[in-house]
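Asks: Quick one: the structure is below, and I'll ask about it shortly.
Every number in this text was worked out from the coordinates using simple rules, so none of it is lab data. Computed from a predicted model, the values in this text were never measured in an experiment. Note that each Cβ is placed from the backbone with ideal geometry, even for glycine, and that neighbours are counted across all protein chains shown.
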Amino acid sequence: MKRRHFLEKSLLATSHIALSTGTLSIKPKQWFPEKKITTITYNVYAFQGYPKTDDTQFVLKEVQGQMPERIALELALFHPDIVTFQEAPAEEEVKKVAEKLDMQYTYFPGGFPGALLTKFEIANAQNCPLVQKSEPGDLFSRHWGKATLKTEDEEIMLYSAHLHPSDDAIRAREVEEVLKVMQADAKTGQLLLFQGDLNHEPIQDEYARWAQAGLTDCYSAKGVEQRNTIKSTFPNRTVDYIWANEVLSKRLLRCKVLFEGNFRTNPMDERSFALSDHLPVMAEFK
């Protein structure tokens with residue numbers, strides 16, 4: 001059948017349906033998918049790429065100037081509304097990623113800086129928030145920050161953290177301070193997200209403390225596929241999380257560790273590299 005005749009028959013068939021039924025019998029959901037909020041947390045290893053070996057070192061040197069664009073393009077495949085970075089590079093590099101993703105951003109300075117990038121309005125942001133107005137001392141040597149985000153019709157309280165990797169006592173005190181801030185900020189009906197590189201595993205005491213405080217580990221609730229987040233070459237440990245309070249966790253659709261694309265390496269290619277030594281964690285909410 002010639003293409004012209006095929007199109008004519010198709011149009012006639014469509015007209016017949018419209019005339020006989022008055023309207024096409026298609027559910028609105030097929031045309032207007034349910035709105036989602038997608039958030040990602042990612043320790044980006046200061047945009048260095050990983051691993052640095054005899055086979056990859058020259059490739060990594062070659063792509064250094066491309067890393068903001070490479071990371072932005074990879075994240076864009078998942079259409080995030082919120083992204084938090086741990087071990088962020090210089091603020092200027094974060095700004096490049098935000099511009100590529102058409103997002104606002106705020107930067108959390110620290111020994112290993114953090115950043116928040118979002119499609120939503122950043123109503124306010126605070127670096128290293130503490131309940132007592134004092135210096136943190138040996139706490140939060142990486143980063144700890146919070147921000148209030150405004151969507152079209154609601155607010156989200158967003159917390160981002162990178163806790164101490166090796167000193168259990170310091171990390172335990174950091175957990176205590178984070179929970180104090182969350183408790184002071186808590187409001188009835190408030191949507192609360194807490195995400196980052198928390199440097200503990202699910203079997204450790206810190207994990208239990210978040211749960212006891214009423215937070216839900218999004219992966220434990222609705223995780224799909226493997227959950228380990230480090231290393232991107234061969235993930236065998238979990239240290240990166242997205243937590244939600246009760247109100248928001250009821251809207252959780254799924255959570256996934258992004259062990260795919262350029263977030264991971266290709267074991268068949270010795271010159272392949274990942275964008276970081278960690279894998280991002282993504283959660284989607286109604």
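Asks: Label 7 Å along Cα→Cβ of residue 225; the range 38-65 residues with amide nitrogen under 18 Å?
Replies: Zone members listed by number: 38-43.
Asks: Could you give the dipole magnitude of the range 36-285 about its Cα centre, charging the beta-carbon of Lys and Arg +1 and that of Asp and Glu -1, in debye to the nearest 20?
Replies: Around 380 debye, computed over the range 36-285.
Asks: Lys and Arg at +1, Asp and Glu at -1: add these up for the other residues within a Cβ distance under 15 Å of residue 67 and post the number.
Replies: Counting the neighbours of residue 67, the net charge comes to -3.
Asks: Related question: Need one number: nm distance between label points at residue 188 and residue 286, each 7 Å from Cα along Cα→Cβ, rounded to one decimal.
Replies: Placing both labels 7 Å along Cα→Cβ, they lie 2.2 nm apart.
Asks: As a footprinting exposure proxy, order 210, 144 by other Cβ within 10 Å, with the fewest listed first.
Replies: With the sparsest Cβ surroundings first, the list reads 210, 144.
Asks: Convert each backbone phi in the range 181-197 into a coupling constant with the Karplus relation 6.51 cos²θ - 1.76 cosθ + 1.60 (shift: θ = phi - 60°), then list the ³J(HN,Hα) values in order as whole Hz, x for Gly and Pro.
Replies: Ordered by residue, 3J(HN,Hα) equals 5, 4, 5, 5, 7, 4, 9, 4, x, 5, 8, 10, 10, 9, 8, x, 8 Hz.
Asks: Give the aspartates and glutamates reachable from residue 180 as a straight Cα distance under 15 Å; neighbours fewer than 8 places away on the same chain don't count.
Replies: Counting by Cα, and skipping residues close in sequence, residue 180 has these aspartates and glutamates nearby: 206.
Asks: Can you give me the orientation-averaged projected area of the convex hull built on the Cα atoms of the chain, in nm²?
Replies: Mean orientational projected area (the chain, Cα hull): 20.9 nm².
Asks: Turning to a different aspect of this structure: How much length, in nm to one decimal, is gained on full extension between residue 135 and residue 99, taken as 0.36 nm per residue of separation minus their Cα-Cα distance?
Replies: 9.6 nm
Asks: Sorted from fewest to most neighbouring beta carbons within 10 Å, what does the list 171, 271 look like?
Replies: 271, 171
Asks: So for the chain, averaging the separation of alpha carbon pairs under 8 Å that are six or more residues apart and normalising by length, what relative contact order in percent results?
Replies: That works out to 20 percent.
Asks: Near residue 52, which lysines are there with a Cα under 27 Å away, not counting those fewer than 8 places off in the same chain?
Replies: Excluding near neighbours in sequence, the set is 61, 95, 96, 100, 231, 256.
Asks: What size of dipole, in debye to the nearest 20, comes out for the range 49-167 about its Cα centre when the only charges are +1 on Lys and Arg C-beta atoms and -1 on Asp and Glu C-beta atoms?
Replies: Using only the charged Cβ atoms, the result is roughly 180 debye.
Asks: Give a residue-ordered list of calculated ³J(HN,Hα) values for the range 48-58 (Karplus: 6.51 cos²θ - 1.76 cosθ + 1.60, θ = phi - 60°; whole Hz; x for Gly, Pro).
Replies: Taking θ as phi minus 60°, the curve returns 7, x, 7, x, 9, 10, 4, 7, 9, 4, 6 Hz for the range 48-58.
Asks: Let me ask another. Where in the range 249-268 does the amide nitrogen come within less than 14 Å of the point 7 Å from the Cα of residue 78, taken along Cα to Cβ?
Replies: Inside the label zone: 253-264.
Asks: Let me ask something additional. So what are the radius of gyration and Dmax for the Cα set of the range 111-266, in Å?
Replies: 15.6, 48
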